Amino acid sequence: MKDIEYIEELDTIEELDEGLDQPTDEDALYEHFRIEADLGQVPLRIDKFLTEHMPHSSRNRIQAAADAGFIFVGDKPVKSNYKVRPGDVITLRLHQPKHDTTIYPEDIPLDIVYEDDALMIINKPAGMVVHPGAGNFTGTLINAVAWHMKDVPEFDPNSPEVGLVHRIDKDTSGLLVVAKTPDAKSSLGKQFFDHNTHRSYNCLVWGHFTENEGRIEGNITRDPKDRLRMTVTAPDSGIGKPAVTHWRVIEKFGYVTLIECILETGRTHQIRAHMKHIGHPLFGDERYGGMEILRGERSTTYKAFINNCFKLCPRQALHARTLGFIHPVTGEQMDFTSEWPEDLAALIEKWRGYVSGTTRDMLKEL
């Protein structure tokens, strides 16, 4: 299960919702999901365990799947109150075959920042999904990588021993590292798992900060009210995975602030959930409440300005700006920086223009 720890955004398991509605046929069950519990796993109800490890699948749906006999430990179906034990092999088996998730090469342009025989650094545009999953089986970054590597027999895009080491959300732009060899994947994966890499993000968030830097510590877990969103729980709650984000102010625009976030951990939606938790959702982040006017006037002119900003950068204003790690072959420190994409740069410039054209009294009141 260590692979799961340093992959930021897991594949979706939306087939669960479809499978529960299929007619019963005990002789035809197809495996859709498999996971092996760590040797150090503490006893935990299987519905709670799977809720943490199956994105886009609510606890209620998992309980329904268990009640229908679709959740197995080994070769035996179990109920939702079964306690997961170290080494348990848990599978979800449904009546319809799993969607074909084979990765096929597609001729899609890539912005390759750096490449050698062991790895490549890619600057991902916003709007591109990194890996095939429910609803996005083609047109992903890894399909493009498969095309780029199609003449390299040793590179199998469908092998978990090579490929993406970490992920960023579809509508987040910025840097990703892809391992070309199993040794590179293993080395880089361990660096991410041990939190020995350096990653920083730039983002525009709602609100004014009285401090210039800070630290957010709070466990990340799936929101029981919205399975497509993550939420934050107390570090000592025992719910979710530990997560730490450091932030510092880059530039203030009164009602919004440009900040840098440095991750100690790499949880799903970590920055988006952490900033929402402290009252500063990312600008334009619809899922976490950032597509509403959360600060500022209520004048017609200001509303029009904000709506124009949303149109200018129609996504969460989040960019994976820097990435640093030790090269798995040479042992050298590798550091990369990605410039802001056009939409984010234009958004920031628009706020600069707004502040320069607005009375400074706005800032003095904050």
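The values are calculated or read from the model by the stated rules, or taken from the named source; none is laboratory data. This structure is a prediction, so every number in the text was calculated from the model and none was measured. In this analysis, Cβ positions are derived from the backbone assuming ideal geometry, glycine residues included, and neighbour counts consider all displayed protein chains. SASA here: full protein model, heavy atoms, side chains in, ligands and nucleic acids out. Shrake-Rupley method; radii C 1.70, N 1.55, O 1.52, S 1.80 Å.
Odds and ends about this structure:
- Note on the chain: helix-only mean residue ellipticity at 222 nm, from DSSP H runs of 4+ residues weighted -39500 (n - 2.57) and normalised by residue number, equals -6500 deg cm²/dmol.
- Loop-resident GluC sites (Glu not before Pro) (DSSP state other than H, G, I, E or B) in the range 71-161 with no more than 13 further Cβ atoms inside 10 Å of their Cβ: 154, 161.
- Gyration tensor verdict on the range 40-106 (Cα atoms; rounded if a/c is under 1.5, prolate if a/b is larger than b/c, oblate otherwise): prolate
- Computed FRET value (nearest 0.05) for residue 298 with residue 350, which takes r as the C-beta separation and R₀ as 22 Å: 0.65
- The coefficient of translational diffusion for the range 223-312, derived via Stokes-Einstein from the alpha carbon Kirkwood radius under 4 °C and 1.567 mPa s, stands at 88 µm²/s.
- For the range 48-91, a crude dipole built from +1 on the beta carbon of Lys and Arg and -1 on the beta carbon of Asp and Glu, taken about the Cα centre, is about 140 debye to the nearest 20.
- Computed about the Cα centre, the dipole magnitude for the range 73-139 is approximately 900 debye when only Lys and Arg (+1) and Asp and Glu (-1) carry charge, each at its Cβ.
- Among beta bridges from DSSP that stay inside the range 62-174, the antiparallel ones total about 100%.
- All alpha carbon pair distances within the range 68-192 were sorted into 10 Å bins beginning at 0; the resulting P(r) in whole percents reads 12, 35, 27, 20, 7.
- Ranking 181, 139, 50 by how far each Cα lies toward the positive end of the dipole of the chain (charges on Cβ) leaves 50 at the top.
- For the range 128-216, the C-alpha radius of gyration divided by 2.2 N^0.38 Å, with N the number of residues, is 1.36.
- Residue (of 63, 278, 296) at the positive-pole extreme of the chain, dipole from beta-carbon charges: 296
- Alpha-carbon centroid distance for the pair the range 103-173 / the range 260-316, whole angstrom: 28
- The largest accessible area among 147, 247 belongs to the first residue in 147, 247, and the rest follow in falling order (1.4 Å probe, all chains).
- Segment residue 85-residue 211, length gained on full extension (0.36 nm per residue, minus Cα span): 40.9 nm
- Relative contact order computed over the chain (Cα-Cα under 8 Å; 6+ residues apart), in percent: 15
- Alpha-carbon gyration tensor eigenvalues x 5, square-rooted, for the chain, Å: 37, 26, 20
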